[in-house]
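See below for the structure under consideration.
No lab work stands behind these numbers, since they all come straight from the coordinates. All values derive from a computational prediction rather than experimental measurement. So basically every Cβ, Gly included, is an ideal-geometry build from the backbone, and we count neighbours across all protein chains shown.
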Amino acid sequence: MTDDYIHTSMAKKIPGGVKIAVCISLSIIAFATRTPCTLAALFFCNIFVVMMFKAPLFIILKECRFFLVQTVIIIVLYIFKFGWPSGLFPGLTLSIQFVFFLLPGIILSHSVSPAQTARSLSVILPHHLAFVLSVCIHFIHHLMEEVNEIYEAQIMRGARITAKELCNPVNWKDVMNCLIIPSIIYGFMMARQISMAAKARKFQIHEKRTYWNG
Amino acid sequence: MKDINSLSKRKKLEYLLFLGFCAVFIFITKALLRLHLNIPGHSMFFMIFFLMLSNRCVPLRYSATICAILSGSLAIMFGMGKGGPLLILKFIMPAMTIDFFSYLIPTFDQKYWTCILVAALASSTKFISSFIVDYLLGMDAQLIVYHCLIKSGGAIFFGVLGSLMIPMVITRLKAYDII
């Protein structure tokens, strides 16, 4: 057994709840870190967590580009208020703090599988909402396929909703009439079908949570 | 608005599933726009639209809030959005505003100006969530206001645009006997 294999299996063994708790704690700690020393310590903590959870560092760094706009706005605002050299350092410190507040969320999303998160959320959410959530996750792909079919059928009918035609604002109304409304109606129909199927399988026959054990 | 207990279990599940699909639509549009646009506040366009739609289509109290809880949970699960532990607040606060105003103005979907008012107030809750984060991070008070105004300005603009579709969509759905 290689070290890498042991490390990966160890990362998988950490429960989803623990990972969520660690990442939320790291985010909250970011509020209290105001000095460069504590920020550096928090940076190493985040790196340690990335290594422990076996999160893909390259993808996380790639996603950090979304923070660039925030960083620029914060630094510009600080320079605007405190002047050129004196506003730069506090602005930079605060934007790093801001990144450290949001970074654990990204680490979490890449280290915990949706199924693990769903299990953790079902502890917090009422069981019927957890059921609805799991059904919705299950049907995302199906829903998207149906929306795509509606889109293609409407284009064949002559609706002006292709990417090129949507450059003209006159055609935006077609998106609502030919795509959004049929998709909503389909959503309603699908909800009705699933609820009838669930009822036929005696879902919610008791007040307590029921499950199929066959 | 009916009480959730007065509905049959099947009907209740049907409504909850529809709210779940609205949450899925919010999540998908957020994901698609994030990939292609990256304009501040643009995700409010579809978020406000679907939250208002869920409020109008589902005769349950707190229907928009339930939809927001589901979409917030989906966002947490798939790592969407930039909100850290406060991510779910970004979804719940506009939804609670919509639920509250639907209680005060029960027919807000019938006029454009009421839709604009409710959407503007719902979208402006982004100011509060941004304010909380900036305040806790220790930003200068005056800069917090500027920063939050920049962030919430875009959200209000796109939220109001999204709400403008509501009267038309509701009329069409009523015509199809969906609502």
- Item | Hypothetical label at B:Ala31: residues of region A:74-117 whose amide nitrogen lies under 12 Å (7 Å Cα-Cβ projection) | A:114
- Item | Cα gyration tensor category, rounded, prolate or oblate, for the protein assembly as shown with a/c compared to 1.5 | oblate
- Go ahead and run the numbers for FRET between A:Ser86 and B:Lys111, Cβ-Cβ distance against an R0 of 30 Å, rounding to 0.05. 0.05
- Query: Tell me, in nm to one decimal, what length is gained between A:Gln193 and A:Ile140 on full extension, where the rule is 0.36 nm per residue of separation less the Cα-Cα distance?
  - Reply: 17.5 nm
- Taking springs between alpha-carbon atoms closer than 10 angstrom, which of A:Ile14, A:Ile60, A:Ile184 fluctuates most in the Gaussian network model of chain A? A:Ile184
- Message: Need one value for A:104-112: mean number of C-beta atoms belonging to other chains within 10 Å of its residues' C-beta atoms.
- Response: 4
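If packing is taken as the mean number of other Cβ atoms within 10 Å per residue, what is the order of B:42-51, A:32-41, highest first? Don't jump to the answer; show the numbers that get you there.
On the way: B:42-51: 27.2, A:32-41: 13.3.
Put in order of decreasing packing, that is B:42-51, A:32-41.
From other protein chains only, count the Cβ atoms within 10 Å of every residue's Cβ in B:61-72, then give the mean.
Numbers: counts 0, 0, 0, 0, 0, 2, 0, 0, 6, 5, 2, 0.
Going residue by residue through B:61-72 and averaging, the value is 1.
Using a 10 Å cut-off around each Cβ, can you sort A:Cys23, A:Cys45 from fewest to most neighbouring Cβ atoms? Before the final figure, lay out each step's value.
Numbers: A:Cys23 24, A:Cys45 17.
In increasing order of surrounding Cβ atoms, one gets A:Cys45, A:Cys23.
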- Message: Using Cβ contacts closer than 10 Å as the measure, can you line up A:Val76, B:Val118, A:Val99, B:Val58 from fewest to most?
- Response: A:Val76, A:Val99, B:Val58, B:Val118
- Estimated 222 nm signal from helices in chain A, with DSSP H stretches of n ≥ 4 weighted -39500 (n - 2.57), rounded to 500: -25500 deg cm²/dmol
- For the residues B:Val145, A:Val135, what sequence is obtained by ranking on other C-beta atoms within 10 Å, fewest first? B:Val145, A:Val135
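First check a/c for chain A, with a ≥ b ≥ c the square roots of the eigenvalues of its C-alpha gyration tensor; if it is under 1.5, answer rounded, and if not, answer prolate when a/b is larger than b/c or oblate otherwise. Please report the intermediate quantities before stating the final value.
Details: a/c = 2.47, a/b = 1.32, b/c = 1.88.
It comes out oblate by the Cα gyration axes.
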- Query: Where the centroid of each part is defined by its Cα atoms, how far is region B:142-179 from region A:75-128 in Å?
  - Reply: 25
- Could you give the size of the charge dipole of chain B about its Cα centre, using +1 on the Cβ of each K and R and -1 on the Cβ of each D and E, expressed in debye and rounded to the nearest 20? 440
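Please get the size of the charge dipole for region A:98-188, origin at its Cα centre, with Cβ charges of +1 on Lys and Arg and -1 on Asp and Glu, quoted in debye to the nearest 20.
Numbers: 5 positive and 6 negative charges, 37 e Å.
For region A:98-188, the charge dipole is close to 180 debye.
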- Task: Give the relative contact order (percent, whole number) for chain B; include only Cα pairs under 8 Å separated by 6+ residues.
- Result: 27
- Note on the structure: For region A:23-29, in residue order, the Karplus 3J(HN,Hα) values (coefficients 6.51, -1.76, 1.60; θ = phi - 60°; whole Hz; Gly and Pro = x) are 5, 5, 4, 4, 5, 5, 4
- Task: Taking chain B as the reference, fit the longest principal axis to its C-alpha atoms, fit the long axis of helix B:125-137 to the helix C-alpha atoms, and give the angle between the two in degrees, 0 to 90, nearest 10.
- Result: 40
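Take every Cα pair under 8 Å in chain A that's 6+ residues apart, average their separations, divide by the length, and report that relative contact order as a whole percent. It would help to have the intermediate numbers written out before the result.
On the way: 132 pairs, mean separation 40.8, N = 214.
Once divided by the residue count of chain A, the mean separation gives 19 percent.
Once you order the gyration tensor axes a ≥ b ≥ c over the Cα atoms, which shape class does region A:79-172 get: rounded for a/c under 1.5, otherwise prolate or oblate by comparing a/b with b/c?
On the way: a/c = 3.94, a/b = 1.31, b/c = 3.00.
Cα axes put region A:79-172 in the oblate bin.
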- Item | Residue with peak Gaussian network fluctuation, chain A [Cα springs, cutoff 10 Å], from A:Met156, A:Met144, A:Met52 | A:Met156
- In percent, what relative contact order does region A:67-188 have, based on Cα pairs under 8 Å that are 6 or more apart in sequence? 14
